[in-house]
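A short worksheet on the structure shown next.
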Amino acid sequence: MSHAPFYTRYGISRTDDPEAPLALAPYPEVRRHGHLRATVVAAAVDLAGSLATRALAGNDVLFTTDLSIRLPRGGPPAELIAHRRVLKRGRTSVTTAVEFFETGSGSRAVAANASAGPWAYGETTFARVA
């Protein structure tokens, strides 16, 4: 019996792009009063950040020690793509940034208005334990 990963229940899916590893489709059940739930965005930030950190951590165990997100007040777009980058890499911790950009017309390509800035933003810090 094969089970889908937990994050697919939130409308999160993997992409083939290492720099933009996740897509987020905010379907009605992950919204409240028309707004995307912060917990769904937080889960995507944690997942995208951990994917970047896992590549750096080798055999170390990772623990999320800090997570913050910023969300707009507007309603959710049809789909978001999460772009990630490592902000700080140390011996015992890694900090990542994740930016969510709206896609154009439901495609996986980021819309032309991406220069206006991200739809949402998050940062995570992970502790590395040998």
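Among the trypsin sites (Lys or Arg not before Pro) in the stretch 22-89, those placed in a DSSP loop whose Cβ has at most 11 other Cβ atoms within 10 Å are Arg73. Ligands, DNA and RNA left out, the 1.4 Å accessible surface of the chain is 51% carbon and sulfur atoms. Only helices enter the 222 nm calculation for the chain: every DSSP H run of n ≥ 4 contributes -39,500 (n - 2.57), and dividing by all residues gives -5500 deg cm²/dmol, rounded to 500. The relative contact order of the stretch 1-106 comes to 27 percent, based on Cα pairs under 8 Å that sit 6 or more residues apart. Estimated from the Cβ-Cβ distance and a Förster radius of 30 angstrom, the FRET efficiency linking Thr92 and Glu19 is about 0.75. Between the residues Val129, Val94, Ala55, the greatest Cα displacement towards the positive end of the dipole of the chain, with unit charges on the Cβ of Lys, Arg, Asp and Glu, is found for Val129. Charge tally for Gly122 (other residues, Cβ to Cβ under 11 Å; Lys, Arg +1; Asp, Glu -1): -2. The chain: percent of C-alpha pairs farther apart than 22 Å? Every Cα pair in the chain considered, those over 22 Å come to 35 percent.
Residues in the stretch 1-100 average 59 Å² of solvent-accessible surface per residue, probe 1.4 Å, ligands and nucleic acids excluded.
Compared with the dominant Cα axis of the chain, that is its longest principal axis, helix 38-57 is turned about 40°.
The values are calculated or read from the model by the stated rules, or taken from the named source; none is laboratory data. Please read all numbers here as calculations on a predicted model, not as lab measurements. Glycine gets a Cβ as well: all are built from the backbone with ideal geometry, and neighbour counts include every protein chain shown. In case anyone asks, the SASA skips ligands and DNA or RNA and just uses the protein heavy atoms, side chains included. Shrake-Rupley method; radii C 1.70, N 1.55, O 1.52, S 1.80 Å.
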